[in-house]
Amino acid sequence: RIINMKHVISPLPKKDIEATTEGWEVCSSKTIPGFSAAGDFFAVNLQRTLNVPIGLIATNWGGTLAESWTSEESLRQMPYFRNGIDKVKTMPTDLEAQRRQYEKEEKAYWQKVRDEEQGVENGTYLWAAADLNDGMWPTMLMPAKVEEAGLPGFDGAVWIRRTIDIPATWEGNTFFNGIQIGHTDSWFAPRTYTVPAGLVKAGQASIAIRIMDTGADGGFTGDASQLYIACGNDKKTLAGEWKYKVAIDMRNYPPRPVNMAGNPNIPTVLYNSMLNPIVGYALKGAIWYQGESNVDRAFQYRELLPLMSNDWRTKW
C-alpha cells in the first residue's frame, strides 16, 4: 500500500496529516506514477526479501534542506540554526501575511544597503565618472568571477573600470563616458549593450561597470572572446586588467531576509507539517536520500545528518 503526503509547511507542529488521497491505496499501474520511484523499488525488494506486506508513506519534497525535516528540540542543539528557528516561530500562519512580512523586511534591508554603499551621492554613482582618479585602485584580470580574481568569498557591490582608445573612425558611431548605457538584473544572462553614437569621441574613453553579487558567484563568467567593444566589424578586446574597488561588502551584514511564504527551505517547517503528524505511527524504518541542497554547508552536514536521524529515532 502507498500514501502520498501533500506539500505543506508550518511554523508550528501540526497534528493532522494532509494526504493527496483519501487514504491508503493499492500499489498499481494507476496509483504508482505519482509516487517515489526509489521508494517503490525499495518496497518491492523489501517485500520479496521479507515476504510480508509493505506500506509506504511518502512524505518528501524535492530540493529541500535537511534542517527543514528536523524538529526544533533537536535542531536547537546546533547554534547555527537557533536564530532561524526563532524567526520561524514568529512567522504568520497566513500565506498572505507571510508575503507582506517578507516584503517589508526586504525593502528595509536593501534601503540600508543603498544608504551605506560607497561611491553613491544623492542617487548618483560617483565611481562611474569619466574623470574619476582610480590610480590607487588595485587590479584584477577579467573576464573572471570576482571571487577567483582577488575577492575570495565576496558578496556585495564592486566597481571595475578601465580606459580604452577610441579610433577616430569610431567617432560619432558608438558610445559613453560616465553615462549609463545598460543595466541587467538577471543572473547569468549574457550582456550585450548598444552605445549611443553621440557619446563616442576619438581618444581615451572610460568603461565603468558596477557588479552586484548577492550570492554564489559574481563577475564575468564568459570567456575572453566574449568580452569586447566593437564598431561594425572593428573589434577591440576588453579582456585583461581592470581597476576595481569594493563599494559595499555584504558579508559584514546580517543574512538577507528569507521569503517564508510557502518556502520549504527554512528550519523545522517540513518536520512540523509533514512528519510531526505521523509521529507515533508504527514505523519499522525510514529511507532518506538527498541531492545537493546542503552543499554550500557541506562540512556542517556531518553533524546535521546524524542529528536529524537521531531526532527521528527519538520521536518513533
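The values are calculated or read from the model by the stated rules, or taken from the named source; none is laboratory data. Since this is a predicted model, take the numbers as computed values, not measurements. When we count neighbours, we look across all protein chains shown, and the Cβ atoms used for this are built from the backbone with ideal geometry, even at glycine. Protein only, heavy atoms only, side chains kept; ligands, DNA and RNA dropped before computing areas. Shrake-Rupley method; radii C 1.70, N 1.55, O 1.52, S 1.80 Å.
Filter the chain for me: DSSP H helices, axial length by Cα at least 15 angstrom, mean Kyte-Doolittle hydropathy not below -0.5. List them by residue number. Intermediate results must be reported in sequence, preceding the final value.
Values: long enough: 37-50 (20 Å, 0.48); 95-116 (32 Å, -2.21); 298-315 (26 Å, -0.79).
Sorted by number, the helices that extend far enough and score high enough are 37-50.
Can you list the residues, at least 5 places off or on another chain, whose amide H is less than 5 Å from the amide H of residue 219, using H built in the peptide plane?
Those lying under 5 Å, H to H, from residue 219 are 146.
Let me know the whole percent of all Cα-Cα pairs from the chain that are separated by more than 38 Å.
Numbers: 19465 of 49770 pairs.
Summing the P(r) tail past 38 Å for the chain gives 39 percent.
As a check on your grasp of the helix formula, calculate [θ] at 222 nm for the chain: sum -39500 (n - 2.57) over DSSP H runs of n ≥ 4, divide by the residue count, round to the nearest 500. It would help to have the intermediate numbers written out before the result.
Values: 5 runs with 66 residues, N = 316.
Helices in the chain give a 222 nm mean residue ellipticity of -6500 deg cm²/dmol.
Compute the accessible area per residue over the range 1-40, keeping the other protein chains in place, probe 1.4 Å, unit Å². Please report the intermediate quantities before stating the final value.
Numbers: 2630 Å² over 40 residues.
Per residue, the range 1-40 has 66 Å² of solvent-accessible surface.
For the range 185-241, report the accessible area per residue in Å² (1.4 Å probe, heavy atoms, rounded to an integer). Spell out each step's value before the answer.
Details: 3720 Å² over 57 residues.
It amounts to 65 Å² per residue over the range 185-241.
Can you tell me what share of the DSSP beta bridges in the chain is antiparallel? A percent to the nearest 5 is fine. Walk me through the numbers before you get to the answer.
Working: 30 of 33 bridges.
Within the chain, antiparallel bridges account for around 90 percent of the total.
Suppose the chain between residue 281 and residue 54 were pulled fully straight at 0.36 nm per residue; how much longer would it get relative to their current alpha carbon spacing? Can you show the working numbers first?
On the way: separation 227, 0.36 × 227 = 81.72 nm, distance 1.44 nm.
Between residue 281 and residue 54, full extension yields an extra 80.3 nm.
Using label points projected 7 Å from each Cα along Cα→Cβ, tell me how many nm separate residue 315 and residue 115, to one decimal.
Distance between the two pseudo-spin positions: 4.1 nm.
Probe radius 1.4 Å, ligands and nucleic acids ignored: give me the carbon and sulfur share of the accessible area of the range 1-154 as a rounded percent.
Working: 5090 of 9730 Å².
The nonpolar share, carbon plus sulfur, comes to 52 percent.
Under the Kirkwood approximation for Rh and a Cα-based Rg, what ratio Rg/Rh is obtained for the range 20-86? Could the numbers behind the result be given before it?
Numbers: Rg = 17.0 Å, Rh = 14.9 Å.
That ratio is 1.13, to two decimals.
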